[in-house]
1. Determine, yes or no, whether Val36 is touching a Lys or Arg at 6+ places or on another chain (Cβ under 7 Å) and either in a loop (DSSP other than H, G, I, E, B) or in contact (Cβ under 8 Å) with a residue 60 or more places away in the chain (or both).
2. Could you tell me whether Glu112 is free of Cβ contacts under 8 Å to residues at least 40 places away in the same chain, more than 15 Å from the chain's Cα centre (by Cα) and part of a loop (DSSP other than H, G, I, E, B)?
3. Which residues, taken from the stretch 19-64, are at pLDDT 85 or above and either surrounded by 21 or more Cβ atoms within 10 Å (Cβ to Cβ) or of a type in the set (Val, Ile, Thr) (or both)?
4. Quick one: what pairs do we get from the stretch 69-89, first residue touching a residue at least 12 places away in the same chain (Cβ under 8 Å), second in a loop (DSSP other than H, G, I, E, B), C-beta under 6 Å, 6+ apart or different chains?
5. For the stretch 59-80, name all the residues that are in a loop (DSSP other than H, G, I, E, B), under 30 Å from Asn2 (Cα atoms) and of a type in the set (D, E, K, R).
6. Here's a check for you: in the stretch 32-70, which residue that is of a type in the set (S, T, N, Q) and within 12 Å of Ile8 (Cα to Cα) is farthest from the chain's Cα centre (by Cα)?
7. Look at Glu89 and say whether it is of a type in the set (Asp, Glu) and surrounded by 15 or more Cβ atoms within 10 Å (Cβ to Cβ).
Amino acid sequence: MNKSLYFIECTANSDFKFKTCWDNEQFTEFHKGDVVYFNPKASANEMYVGYGKEKNPYRYWSSCYLPFTRQKRFAKKWQIKEYADRNAEYVNEKGQFNAVVKEIKLTYTEEEL
């Protein structure tokens with residue numbers, strides 16, 4: 001049997017940074033061409049930006065964390081492509097990242113025990 005899973009790969013369009021609330025001198029930086037993966041449940045210290053729209057333009061998913069991870073294995077995966085497309089469109093609307101939906105194709109067999 002075949003099955004597909006979908007995830008979102010985001011590439012930074014320019015250099016920008018978000019100030020973290022852990023320390024006044026600490027920033028989460030993205031450089032043009034950096035690749036991150038969409039995961040609204042990721043809560044890495046690096047992606048903590050605090051509360052407020054001015055601090056987190058992606059607060060639709062989380063009020064105080066950016067919805068990204070730098071590790072591909074932690075990317076959010078959907079079985080329905082439309083869900084991934086909808087989230088990618090929202091990320092693209094912000095203009096900081098170019099979000100592209102990628103497909104993982106799985107082939108497996110089932111047997112009765």
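The values are calculated or read from the model by the stated rules, or taken from the named source; none is laboratory data. Just so you know, these numbers come straight off a predicted model, no measurement behind them. Using ideal geometry, Cβ is built from the backbone for each residue, glycine included, and neighbour counts are taken over all protein chains shown.
1. Values: touching a Lys or Arg at 6+ places or on another chain (Cβ under 7 Å): yes; either in a loop (DSSP other than H, G, I, E, B) or in contact (Cβ under 8 Å) with a residue 60 or more places away in the chain (or both): yes.
Yes.
2. On the way: free of Cβ contacts under 8 Å to residues at least 40 places away in the same chain: yes; more than 15 Å from the chain's Cα centre (by Cα): yes; part of a loop (DSSP other than H, G, I, E, B): yes.
For Glu112, the condition - free of Cβ contacts under 8 Å to residues at least 40 places away in the same chain, more than 15 Å from the chain's Cα centre (by Cα) and part of a loop (DSSP other than H, G, I, E, B) - is met.
3. Once the filter is applied, which keeps residues that are at pLDDT 85 or above and either surrounded by 21 or more Cβ atoms within 10 Å (Cβ to Cβ) or of a type in the set (Val, Ile, Thr) (or both), the stretch 19-64 yields Phe30, Val35, Val36, Tyr37, Phe38, Asn39.
4. Once the first residue is touching a residue at least 12 places away in the same chain (Cβ under 8 Å) and sits in the stretch 69-89, its partners that are in a loop (DSSP other than H, G, I, E, B) give Thr69/Asn39; Thr69/Ala42; Phe74/Asn39; Ala75/Asn39; Lys76/Asn39.
5. So in the stretch 59-80, the residues in a loop (DSSP other than H, G, I, E, B) come out as 59-64, 66-67, 70-71, 75-77, 79-80.
So of that shortlist, the ones also under 30 Å from Asn2 (Cα atoms) come out as 67, 70-71, 75-77, 79-80.
Residues satisfying the conditions are Arg70, Lys76, Lys77.
6. Thr69
7. Details: of a type in the set (Asp, Glu): yes; surrounded by 15 or more Cβ atoms within 10 Å (Cβ to Cβ): no.
So Glu89 does not fit the description; no.
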